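Chemist: Shown below is the structure under consideration.
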Amino acid sequence: MMNMQSPTKGVDVCGKECYNASVMPAKAGLFGQFKEYFTKLFDTADWPPRWHCGNWTDFHGWLYIIADLMIGIAYFAIPILLIRIIIKKDTPFTKLFWLFIAFIALCGSTHVIDALIFWWPAYRLSALIRFLTGLVSIFTVCILYKSWPMIYSIRTQKQLEAEIEERKKAEQEARHQQILKETTEELMKKKDEFMSIASHELKTPITTVKGLLQLVERVVVKEPTLQQVAPMVQKASRQVNKLTGLVNDLLDVTKIQAGKLVLIQTEFVLLDLIEECIEQCQIGETQHEIFISGDPGLVIFADRNRLEQVICNLITNAIKYSPNGKELNIIYKGLSGSGVKVEVIDNGIGIPEQELINIFDRFFRVEHTSQNFSGLGLGLYISSEIIKHHHGSIGVESKQGVGSKFWFNLP
């Protein structure tokens with residue numbers, strides 16, 4: 001049978017009177033309890049020390065106490081180390097660090113109080129510390145959740161090492177490229193100096209040879225007995241003219257690099273110039289038929305000699321790089337205002353797409369043609385510079401094995 005106690009009679013537990021909650025004497029309201037709690041925060045008269053409450057052996061009790069003290073010491077040591085890190089290092093998420101410090105310190109306090117309760121039953125203080133620990137832990141979780149994207153974006157030590165390694169490689173490559181650039185510029189400078197000297201030195205003897213050949217041609221024309229020599233003299237003259245063109249190209253490159261390319265602009269009929277260029281380019285060449293399409297009366301304002309150089313270069317290239325072709329087309333037309341567009345179209349070997357971007361570079365030669373066709377790779381470069389000096393534009397459309405269309409616009 002159950003042993004019933006008097007509703008007003010307390011039960012002696014651990015040397016103190018304890019009451020069943022349903023029969024304990026009436027107490028003050030919530031505010032009164034709150035006031036009493038903080039008034040008696042350090043009052044331990046309502047509870048016995050833990051040693052005297054329950055059946056504790058020395059081993060069990062001291063094991064509990066030592067464990068709590070060890071945990072408490074560790075929990076206080078961790079915040080001290082964290083504070084030193086914050087002070088000495090430029091640590092990100094400082095606010096979060098301080099919350100962790102408070103949380104860990106409060107956790108340590110609960111374990112220390114739990115150990116002290118064996119002698120000092122400060123249960124009210126223990127409850128307050130646990131409540132504060134709960135508040136700080138919840139607030140820490142909220143801040144940690146908000147900071148998670150930023151924390152997640154922080155690179156690991158391995159990632160940082162990989163990035164540093166990549167930067168080192170990039171810096172080494174940049175230094176290597178800079179050295180290559182400086183070396184290339186130095187070589188190009190020496191090359192320009194050599195071309196300038198060589199072209200000037202070659203010009204005088206070539207002019208002399210050309211003059212002597214012209215005299216020989218006159219003698220051959222007057223002497224019937226020397227007619228069999230005429231083809232050889234003409235062939236020699238063509239080769240000298242070709243050599244003269246190469247020297248002139250070298251001189252033009254020197255002028256362009258020095259910024260000394262001067263234009264002398266006049267008005268002239270474009271068709272007349274195109275026909276003169278065709279006549280020059282077809283000397284000794286009978287395979288290709290050249291068709292012209294455009295306004296016969298179109299007048300433009302440009303440097304006639306330099307534009308002749310451009311058109312002749314485009315026609316010569318069209319003939320040279322279409323050995324199996326039968327015809328070329330030259331189309332010219334006026335643009336809005338006073339502009340003009342000229343196109344030279346062939347059915348030749350074409351240019352690979354990957355090489356089109358470099359086609360107007362100095363000394364550039366298309367790789368698959370450089371062994372089969374002569375040249376220095378200067379003609380298109382000079383032509384593009386002449387057009388640029390006219391404030392125009394030049395370009396190319398080509399398909400390998402089909403043909404090419406070179407064009408330029410003048411304002």
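The values are calculated or read from the model by the stated rules, or taken from the named source; none is laboratory data. These numbers come from a predicted model, not from an experiment. Cβ atoms come from the backbone with ideal geometry, glycine included; neighbour counts cover every protein chain shown.
Chemist: For the subset of the range 90-129 comprising residues that are of a type outside the set (A, V, I, L, M, F, W, C), touching a helix residue (DSSP H, G or I) at 6+ places or on another chain (Cβ under 7 Å) and not in a helix (DSSP H, G or I), which member is farthest from F38 (Cα to Cα)? Full working, then the answer.
Modeler: Residues of the range 90-129 that are of a type outside the set (A, V, I, L, M, F, W, C), as a first pass: 90-92, 94-95, 108-111, 114, 121, 123-124, 126.
Filter again for touching a helix residue (DSSP H, G or I) at 6+ places or on another chain (Cβ under 7 Å), leaving 91, 94-95, 108-111, 114, 121, 124, 126.
Cutting the leftovers down to not in a helix (DSSP H, G or I) gives us 91, 121.
Numbers: T91: 38, P121: 15 Å.
So the residue we want is T91.
Chemist: Additional query: Assigned to a helix (DSSP H, G or I) and within 30 Å of S338 (Cβ to Cβ), is that true of D272? If you could, list the steps in order and put the result at the bottom.
Modeler: On the way: assigned to a helix (DSSP H, G or I): yes; within 30 Å of S338 (Cβ to Cβ): yes.
Yes; evaluated as a whole, the condition is true for this residue.
Chemist: Could you identify the single residue in I315, I319 that is among the aliphatic types (A, V, I, L, M), in contact with a strand residue (DSSP E or B) (Cβ under 9 Å, 6 or more places away or on another chain), modelled with pLDDT under 90 and closer than 28 Å to L251 by Cβ?
Modeler: I319 is the lone residue from the list that is among the aliphatic types (A, V, I, L, M), in contact with a strand residue (DSSP E or B) (Cβ under 9 Å, 6 or more places away or on another chain), modelled with pLDDT under 90 and closer than 28 Å to L251 by Cβ.
Results for (1) hydrophobic (A, V, I, L, M, F, W, C); (2) assigned to a helix (DSSP H, G or I), shown as yes or no for each residue.
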{"position": "T254", "(1), (2)": "no, yes"}
{"position": "K260", "(1), (2)": "no, no"}
{"position": "I283", "(1), (2)": "yes, no"}
{"position": "I292", "(1), (2)": "yes, no"}
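Chemist: What is the residue count in the range 217-260 for residues that are over 55 Å from the mean Cα position of the chain (by Cα) and of a type in the set (D, E, K, R)?
Modeler: Total meeting the criteria: 5.
Residue-wise test of (1) of a type outside the set (D, E); (2) over 60 Å from the mean Cα position of the chain (by Cα); (3) closer than 17 Å to A127 by Cβ; (4) at pLDDT below 85.
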position: S6; (1), (2), (3), (4): yes, yes, no, yes
position: K9; (1), (2), (3), (4): yes, yes, no, yes
position: D12; (1), (2), (3), (4): no, yes, no, yes
position: G15; (1), (2), (3), (4): yes, yes, no, yes
position: N20; (1), (2), (3), (4): yes, yes, no, yes
position: A28; (1), (2), (3), (4): yes, yes, no, yes
position: F34; (1), (2), (3), (4): yes, yes, yes, yes
position: W56; (1), (2), (3), (4): yes, yes, no, no
position: I65; (1), (2), (3), (4): yes, yes, no, no
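Chemist: Something else: Inspect all residues belonging to the range 293-313 and state whether any of them is in contact with a Cys (Cβ under 7 Å, 6 or more places away or on another chain), surrounded by fewer than 19 Cβ atoms within 10 Å (Cβ to Cβ) and over 21 Å from S398 (Cβ atoms).
Modeler: Step one: list which residues in the range 293-313 are in contact with a Cys (Cβ under 7 Å, 6 or more places away or on another chain), which gives 308, 311-312.
After this cut, where a residue has to be surrounded by fewer than 19 Cβ atoms within 10 Å (Cβ to Cβ) as well, the list is 308.
Add one more test, that the residue is over 21 Å from S398 (Cβ atoms), and what stays is 308.
Within the range 293-313, one or more residues are in contact with a Cys (Cβ under 7 Å, 6 or more places away or on another chain), surrounded by fewer than 19 Cβ atoms within 10 Å (Cβ to Cβ) and over 21 Å from S398 (Cβ atoms).
Chemist: Examine the range 200-214 for a residue that is polar (S, T, N, Q), in a helix (DSSP H, G or I) and modelled with pLDDT under 75, and state whether such a residue exists. Write out each step before concluding.
Modeler: Taking the range 200-214 as the starting set, the residues that turn out to be polar (S, T, N, Q) are 204, 207-208, 214.
Subset that is in a helix (DSSP H, G or I): 204, 207-208, 214.
When the remaining residues are screened for being modelled with pLDDT under 75, the result is 204.
So far as the range 200-214 goes, yes, one or more of its residues are polar (S, T, N, Q), in a helix (DSSP H, G or I) and modelled with pLDDT under 75.
Chemist: Filter the range 109-162 down to the residues that are of a type in the set (S, T, Y) and loosely packed, with under 11 Cβ neighbours inside 10 Å and list them by number. It would help to see each step written out before you state the result.
Modeler: Within the range 109-162, the subset of a type in the set (S, T, Y) is 109-110, 123, 126, 133, 137, 140, 145, 147, 152-153, 156.
Matches in the range 109-162: Y145, Y152, S153, T156.
Chemist: Please name all residue pairs, on different chains or six or more residues apart, with Cβ atoms under 8 Å, provided the first residue is in the range 150-162 and is at negative phi and basic (K, R) and the second residue is surrounded by 11 or more Cβ atoms within 10 Å (Cβ to Cβ) and modelled with pLDDT of 80 or more.
Modeler: Pairs found: R155/E163.
Chemist: Also: Do we have any residue at all in the range 170-182 that's modelled with pLDDT under 90, under 29 Å from K242 (Cα atoms), of a type in the set (K, R) and assigned to a helix (DSSP H, G or I)?
Modeler: No, every residue in the range 170-182 fails to be modelled with pLDDT under 90, under 29 Å from K242 (Cα atoms), of a type in the set (K, R) and assigned to a helix (DSSP H, G or I).
Chemist: Residue by residue through the range 295-329, note down the ones that are free of Cβ contacts under 8 Å to residues at least 60 places away in the same chain and either in a strand (DSSP E or B) or out of contact with any helix residue (DSSP H, G or I) (no Cβ under 7 Å at 6 or more places or on another chain) (or both). Write out each step before concluding.
Modeler: In the first step, residues of the range 295-329 are kept if they are free of Cβ contacts under 8 Å to residues at least 60 places away in the same chain; the result is 295-299, 301, 304-305, 308, 311-312, 315, 319-320, 323-324, 326-329.
Matches in the range 295-329: D295, G297, V299, F301, N305, K320, P323, N324, K326, E327, L328, N329.
Chemist: Next up: Check the range 143-156 and report whether any residue there is in a helix (DSSP H, G or I) and under 18 Å from D68 (Cα atoms). Even if it seems obvious, please write down each step before you answer.
Modeler: Filtering the range 143-156 down to residues in a helix (DSSP H, G or I) leaves 143-153.
So of that shortlist, the ones also under 18 Å from D68 (Cα atoms) come out as none.
There is no residue in the range 143-156 that is in a helix (DSSP H, G or I) and under 18 Å from D68 (Cα atoms).
Chemist: Got at least one residue in the range 351-363 being of a type in the set (S, T, N, Q), outside any loop (DSSP other than H, G, I, E, B), out of contact with any strand residue (DSSP E or B) (no Cβ under 6 Å at 6 or more places or on another chain) and at pLDDT below 90?
Modeler: Within the range 351-363, the subset of a type in the set (S, T, N, Q) is 354, 358.
Adding the requirement that they be outside any loop (DSSP other than H, G, I, E, B) leaves 354, 358.
Okay, now just the ones that are also out of contact with any strand residue (DSSP E or B) (no Cβ under 6 Å at 6 or more places or on another chain), so 354, 358.
Now drop any that are not at pLDDT below 90, which leaves 354, 358.
Scanning the range 351-363, I find at least one residue that is of a type in the set (S, T, N, Q), outside any loop (DSSP other than H, G, I, E, B), out of contact with any strand residue (DSSP E or B) (no Cβ under 6 Å at 6 or more places or on another chain) and at pLDDT below 90, so the answer is yes.
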